[in-house]
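Peer 1: Mind looking over this structure? Questions follow.
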Amino acid sequence: MQAIRSKDTKPEWTVRRCLHRHGFRYRLHDRKLPGRPDIVLKKYGLVVFVHGCFWHGHDTCRISKLPKSNRAFWLEKITANQKRDSRNVFLLEKLGWKVWKIYECELRTAADRAQSLGRLLCFLHQRHKAEYGTAAEAPERYEAVAEELPNYGKS
Ligand SMILES: [Zn+2]
């Protein structure tokens, strides 16, 4: 069972550090927005949720499984979380935000991180280009995400 932590979990920190290193600035846990998104990139109209696989019921997950005991209890709890999550996405999209979800299993290995964070950076660079006509940074910087992390390609 994963520990119960709602803020400043390691996966969230990984995403924040990556964004920061690539020059993107953000706000954290904006209370005024539905679901208090973990990371808010206002300039890009993007909110990011970094979800723990277990609590948010990541359905195509490789790492999260329901405990064998009290299954009904957990199922009900997680289903309620999922419902709340989709409601928040609905509300945020209605307000014009693009909602980006990253699950903890997508940040597990260096290869996972290179892929999931690379996708996010790519999206942000495209938005920047669409908005301002110039790339935020040279594209080769995407690779830095992978290079700076250990064991890339070995796991
Ligand atoms: Zn997962």
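Peer 1: Tabulate in residue order the Karplus-calculated ³J(HN,Hα) for segment 16-24, using 6.51 cos²θ - 1.76 cosθ + 1.60 with θ = phi - 60°, rounded to whole Hz; enter x for Gly and Pro.
Peer 2: Each residue of segment 16-24 in turn: 4, 4, 5, 4, 4, 4, 8, x, 8 Hz.
Peer 1: For segment 1-123, what is the percent of antiparallel DSSP beta bridges, rounded to the nearest 5?
Peer 2: Values: 5 of 11 bridges.
So the antiparallel bridges in segment 1-123 amount to around 45 percent.
Peer 1: How high is the relative contact order of segment 10-108? Use alpha-carbon pairs under 8 Å, at least six apart in sequence, and give a whole percent. Provide the component values of the computation, followed by the final result.
Peer 2: Values: 115 pairs, mean separation 29.8, N = 99.
It rounds to 30 percent for segment 10-108.
Peer 1: Need one word for segment 10-108: rounded, prolate or oblate. Basis is the Cα gyration tensor (sqrt eigenvalues a ≥ b ≥ c); a/c below 1.5 gives rounded, then a/b vs b/c decides.
Peer 2: Details: a/c = 2.81, a/b = 1.52, b/c = 1.85.
Oblate, because a/c is 1.5 or more while a/b does not exceed b/c.
Peer 1: Using a Cα-Cα cut-off of under 27 Å, which lysines could be cross-linked to K94, ignoring same-chain neighbours fewer than 8 residues away?
Peer 2: The reachable lysines, counting only those whose Cα sits under 27 Å from K94, are K7, K32, K42, K43, K77, K83, K129.
Read-outs: derived from the displayed coordinates by stated rules, not from any lab. These numbers come from a predicted model, not from an experiment.
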